[in-house]
Amino acid sequence: MALSPTPAQRRVVAAADPGTGRLRGTEAQLAGLVKRGLAFRHPRPPHDHFLTPAGHRIREAGGAPEIPVASAPASQDVPPAPASREVFAARVGGEPSLAGAAGEARLREVRGAWQGLLELRRMTHPDGSTDRPCAWERSHLVRAAALALEAAGHRPAGPDGGDGDGGGYRVRATPQPEAVAVHEPDGAALRACAETLERAGWQVGEHTEPRSRARYLLASPRKV
């Protein structure tokens with residue numbers, strides 16, 4: 001679970017520029033927000049601090065801390081149920097059915113989170129590019145890949161999809177560094193997921209599980 005911001009840090013988040021996410025606060029406050037994944041320090045002078053997508057969501061939610069989706073081990077098919085707090089988190093597939101998990105409101109949340117992530121890429125890459133993952137995505141692989149898929153309209157697996165019999169994608173952590181596995185029982189849908197991740201700046205390869213012979217994707221953030 002992410003560290004909750006202090007009341008002083010929440011005030012800094014609430015006072016952020018609504019357009020750019022630029023922050024003003026003491027060095028200790030800003031460093032604390034960076035530690036919690038709610039802000040980042042721009043690599044170029046004057047090295048201002050800006051909200052991350054998680055920070056933007058906290059600001060829009062009125063200061064409620066984000067509970068990130070846990071990166072499940074490769075052997076764990078279904079992730080833990082999210083906390084009851086109504087805070088956005090990309091669906092990795094296999095979660096219990098949640099109220100508000102579909103529909104126009106959810107679509108707006110997902111698209112907003114994706115646009116925020118593209119802005120984070122632009123602000124953190126020295127060349128200002130948005131065509132490849134940023135450092136935040138590399139430290140939150142499962143969530144980043146799931147957001148790219150959900151924002152593109154792919155359907156996450158429901159609670160009965162963990163055994164491969166149901167449709168929908170499932171994003172899982174792997175023992176390999178900087179790599180996630182994407183499972184989708186439908187072959188055409190799996191290839192569509194690969195195309196989406198490639199457009200989002202990921203390197204993707206299709207593989208076969210030795211025992212089940214099921215096809216899956218192995219995806220890593222592209223560096224150049």
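The values are calculated or read from the model by the stated rules, or taken from the named source; none is laboratory data. Small disclaimer: the values here were computed from a predicted structure and weren't measured. Every residue, glycine among them, receives a Cβ derived from its backbone with ideal geometry; neighbour counts consider all protein chains shown. Remember, those area values only see protein heavy atoms, side chains included, never the ligands or the DNA or RNA. Shrake-Rupley method; radii C 1.70, N 1.55, O 1.52, S 1.80 Å.
Where Lys and Arg each count +1 and Asp and Glu each count -1, what net charge lies around Pro221 among other residues with Cβ under 14 Å from its Cβ? Can you show the working numbers first?
On the way: positive: Arg121, Arg132, Arg138, Arg143, Arg199, Arg222, Lys223; negative: Asp131, Glu137, Glu178, Glu198.
Cβ neighbours under 14 Å give a net charge of +3.
Can you send over the solvent-accessible area of Trp136, 1.4 Å probe, protein chains only, in Å² to the nearest 10?
Surface open to solvent at Trp136 totals about 40 Å².
Charges at C-beta only: +1 for Lys and Arg, -1 for Asp and Glu. How large is the resulting dipole of the range 116-193 about its Cα centre, in Debye rounded to 20?
Numbers: 9 positive and 11 negative charges, 47 e Å.
Dipole of the range 116-193, to the nearest 20 debye: 220 debye.
Kindly sort Arg36, Arg10 by accessible area of their heavy atoms, largest first, with the probe set to 1.4 Å. Intermediate values should be presented prior to the final figure.
Values: Arg36 55, Arg10 95 Å².
Ranked list, largest accessible area first: Arg10, Arg36.
If R0 is 30 Å, what FRET efficiency do you get for Thr26 and Arg122 from their C-beta distance, rounded to 0.05? Don't skip to the end; give the middle numbers.
Details: r = 27 Å, r/R0 = 0.88.
Efficiency for this residue pair is about 0.70.
Would you tally the net charge around Arg111, using a Cβ to Cβ cut-off of less than 15 Å, leaving Arg111 out, and scoring K and R as +1, D and E as -1? Don't skip to the end; give the middle numbers.
Values: positive: Arg57, Arg91, Arg106, Arg108; negative: Glu60, Glu104, Glu109, Glu119, Glu150.
Surrounding charge for Arg111 is -1.
What is the set of long-range amide H partners of Ala39 at a cut-off below 5 Å, with H atoms built 1.01 Å from backbone N?
Correct list: Val34, Thr52.
How would the range 110-224 be classified by its alpha-carbon gyration tensor: rounded, prolate or oblate, with rounded meaning a/c under 1.5 and the a/b versus b/c comparison settling the rest?
On the way: a/c = 2.24, a/b = 1.69, b/c = 1.33.
Because a/c hits 1.5 or more and a/b exceeds b/c, the range 110-224 counts as prolate.
Under 5 Å between amide H atoms, partner at least 5 residues away or on a different chain: which partners does Gln203 have, H built in plane at 1.01 Å?
Result for Gln203 returns Ser220, Arg222.
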